[in-house]
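Let me begin by presenting the structure, written as structure tokens, before commenting on it.
Read-outs: derived from the displayed coordinates by stated rules, not from any lab. Everything numeric here is computed off the predicted structure, so don't read it as measured data. Reconstructed Cβ throughout: ideal geometry from the backbone, glycine too, with neighbour counts over all protein chains shown.
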Amino acid sequence: MTELGAIAWALRRDLTLAMRRRGDILNVLGFFVLACSMFPLAIGPQREWLQRIGPGVIWVAALLSVMLALPRLFEHDHADGTLDAMVASGRPLWALVAGKLIAAWLVTALPLLALTPALALAFNLPTSTLPVLVGSLLLGTPVLIGIGAITGALALGLKSGPVLMTLLCLPLYVPVLVFGAGAVEAQAAGLSPLAHLALLGAGMLAVLLLAPLVAALALRISVE
Amino acid sequence: MLESHLSYLAVAYGFTALAIAIECVVLLRTRRQSIEQVRRERDLDLDDHHESIVDPRNEAATP
Amino acid sequence: MNPFRFAAPPVFYPLAGRLLPWFTAAAVLLAVAGLYVGFGIAPTDFQQGEVYRIIFIHVPSAWMAMFIYLVMAGYAVLTLVWRSKLSAMMCRALAPTGAIMAVIALLTGAIWGKPTWGAWWVWDARLTSTLILLFLYLGYMALVAAIDDTTRADRAGALLLLVGVVNVPIIYFSVRWWNTLHQGASVSLTASPKMASTMLTGMLLMSLAAWMYAIAAALHRVRSIILQRERHTRWVRQLFA
């Protein structure tokens, strides 16, 4: 099977499986909205404060929502033996992983992006920042998924798996968060967000190229 | 003012000394436990060896 | 003389044992010298008084926390590429010492910050990066502890270290950027306009002392790890008749 064929196969399979578990998408969205709502509930609904913390809160909530959905990436396949079959098959593992990552982004990040404008309104964010907010999430979420795939593969099948994975993930997420939320803050302050977005873009390209390979290597380490 | 600053110094150096002391204690304890484990497992295997000394399969199994 | 001979545990174990006293002695001597310079020779700082002398612990420990992680990453490469068991053991041996160095750096940084800048924690770039580095250490240690299969644990930990080491400069860069954007004027714990050369000497001596100490601790710890891993072999069992 060619690389593209493998990517398409894994993508189609994971999307089909996700459609059967539509509740998972609602879980992610629900967590996203709830996490964002915690902050006004905790600190009060003053518009200036919400406007000030809005970009950061939305970014952190999106980051956590993506991260919480990631253990599912490999655990289900590992539990029913599909993962072993994938690793042992002659198909290029990185391509299968790439397909899974694309599916994960479509199922997890895309709904979040769709919901982001509504949340931005809830935080009274100026409309000029909205494109930067969505754009930074668009560039940043693939990086989050890529890093999460690597750490999820390393922690595969362990009893403390999901919790361990978050401990491994979060330090590596820091630059993405800094540049992502920073882009929106820059825009809100009247500065150019281009530098932040460029760095995010560079990170996204690096992850697109490397994450499938590294995650495949991590899977081999965990499974073989 | 200056006295309280010296107490900061004392706490910093004291904590560092404590951390190093704890690390050394743990290092020594770990070594002791490893040696005990070696001895314990060796003695267990020696016992097995003597009891089943007739069985040629066990002869091959011991290192 | 084949250098790879030393990579075999039966050869490395006694070698490490012979080297251990030397590195311990070096650590003690350098520390004594460093403290003598730091307290006996280096002058009182014009702005900070005596409390600045915390840097003789804070800076060496911060450097060592960083350096040990880099060394671990080097051993990680050897583990993955050459499947060297001893390299994996050295990673595990170095990790706790590196983590402790990070903790010392963070705590002394906070203790220095309070009288100097008025707050225990000011989220400056270097301390925040060191905090993240501590989590990278803890993550590594948690991962290898959670995996029962030794080979898988070694290799998974090695891969995690390599991913981490690539990210460390990125993390540092991003945190520094974040810090300068949000704080503007520098609240940097290393902002000393001029350092007397005696202060630098003291810092250097203490850094060397920390380095010797880290090597000694790692050598000691790796010997215990070798004993645990190789406890079924004849050469280990004959050691403690």
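Just A:195, A:69, A:98 to compare: in a GNM of chain A, with alpha carbon springs under 10 Å, which one fluctuates most?
Taking springs between Cα atoms under 10 Å, the residue moving most is A:195.
Using a 10 Å cut-off on Cβ to Cβ distances, tally the other chain neighbours for every residue of C:224-232 and report the average as a whole number. Please list the in-between numbers first.
Details: counts 10, 2, 1, 7, 6, 1, 1, 8, 6.
Average neighbour count from other chains, rounded to a whole number: 5.
Quick check: pseudo-label points 7 Å beyond the Cα along Cα→Cβ at residue A:122 and residue C:83, how many nm apart are they?
Here the answer is 5.3 nm between the modelled labels.
Mean shadow of segment A:3-223, computed from the convex hull of its alpha carbons, in nm²? List each step's numbers first, then the result.
Values: hull surface 47.3 nm².
Average projection, Cα convex hull of segment A:3-223: 11.8 nm².
Which residue, A:105, A:59, A:49, tops the fluctuation ranking in a GNM of chain A built on C-alpha contacts under 10 Å?
A:49
Taking beta carbons within 10 Å but only from partner chains, what does the mean come to for residues A:187-200? Intermediate values should be presented prior to the final figure.
Values: counts 0, 0, 1, 0, 1, 0, 0, 0, 1, 3, 0, 0, 4, 0.
Average per residue, whole number: 1.
Give the angle, between 0 and 90 degrees and rounded to the nearest 10, that separates the Cα long axis of helix C:85-117 from the longest principal axis of the Cα atoms of chain C.
For C:85-117 against chain C, the angle is about 10 degrees.
Report, by chain and number, residues whose modeled amide H sits under 5 Å from the one on residue C:147, excluding near sequence neighbours (fewer than 5 apart, same chain).
none
For the protein assembly as shown, what class follows from the C-alpha gyration tensor (a ≥ b ≥ c being the square roots of its eigenvalues): rounded when a/c is under 1.5, otherwise prolate if a/b is larger than b/c, else oblate? Kindly include the intermediate steps, with their values, before the conclusion.
Details: a/c = 2.42, a/b = 1.12, b/c = 2.17.
It is oblate, given that a/c is not under 1.5 and a/b is not larger than b/c.
Indicate the helices, whole DSSP H runs only, in chain A that combine a mean Kyte-Doolittle hydropathy of -1.0 or more with a Cα extent along their long axis of 30 angstrom or more. The partial results should precede the final answer.
Numbers: long enough: A:22-43 (33 Å, 1.56); A:47-69 (32 Å, 1.00); A:130-154 (36 Å, 1.96); A:161-188 (38 Å, 1.54); A:194-223 (41 Å, 2.14).
Once both thresholds are applied, what remains is A:22-43, A:47-69, A:130-154, A:161-188, A:194-223.
Can you run phi through the Karplus equation (6.51, -1.76, 1.60; θ = phi - 60°) for segment B:30-45 and list ³J(HN,Hα) in whole Hz, with x for Gly and Pro?
So the Karplus estimates, Gly and Pro as x, are 4, 4, 4, 5, 5, 5, 4, 5, 4, 4, 4, 5, 5, 5, 4, 5 Hz.
Given a Förster radius of 30 Å and the C-beta distance between residue B:39 and residue B:17 as r, what FRET efficiency does 1/(1 + (r/R0)^6) yield to the nearest 0.05? Don't skip to the answer; put the middle values down first.
Details: r = 33 Å, r/R0 = 1.11.
Efficiency computed from Cβ-Cβ geometry: 0.35.
Below 8 Å between Cα atoms, with a sequence gap of 6+, how large is the relative contact order for chain C in percent?
Values: 274 pairs, mean separation 88.7, N = 241.
Rounded, it is 37 percent for chain C.
Quick one: if the Förster radius is 35 Å, what FRET efficiency do residue A:114 and residue A:210 give, using the C-beta to C-beta distance and rounding to 0.05? It would help to have the intermediate numbers written out before the result.
Numbers: r = 28 Å, r/R0 = 0.80.
E between residue A:114 and residue A:210, to the nearest 0.05, is 0.80.
Looking only at Cα atoms, what is the convex hull volume of segment A:132-224 per residue, in Å³?
Working: hull volume 6.9 nm³, N = 93.
For segment A:132-224, the hull spanned by Cα atoms encloses 74 Å³ per residue.
With N set to the number of residues, divide the alpha-carbon radius of gyration of chain C by 2.2 N^0.38 Å and report two decimals.
Details: Rg = 20.1 Å, N = 241, 2.2 N^0.38 = 17.7 Å.
Chain C yields a ratio of 1.14.
Residue by residue through segment C:200-209, which ³J(HN,Hα) values in whole Hz follow from phi under the Karplus form 6.51 cos²θ - 1.76 cosθ + 1.60 (θ = phi - 60°), with glycine and proline marked x?
Couplings: 4, 4, x, 4, 5, 4, 5, 5, 4, 4 Hz.
Using only atoms on other chains, find how many Cβ atoms lie within 10 Å of each Cβ of peptide C:155-162 and report the average. Numbers along the way, then the final one.
Details: counts 7, 8, 2, 1, 11, 8, 0, 2.
That works out to 5 on average.
Using r as the Cβ-Cβ distance of residue C:233 and residue C:149, and R0 as 22 Å, what FRET efficiency do you calculate, to the nearest 0.05?
According to the calculation, E is roughly 0.70.
If you build a Gaussian network model of chain C, linking Cα atoms that sit under 10 Å apart, which residue out of C:46, C:173, C:56 swings the most?
C:46
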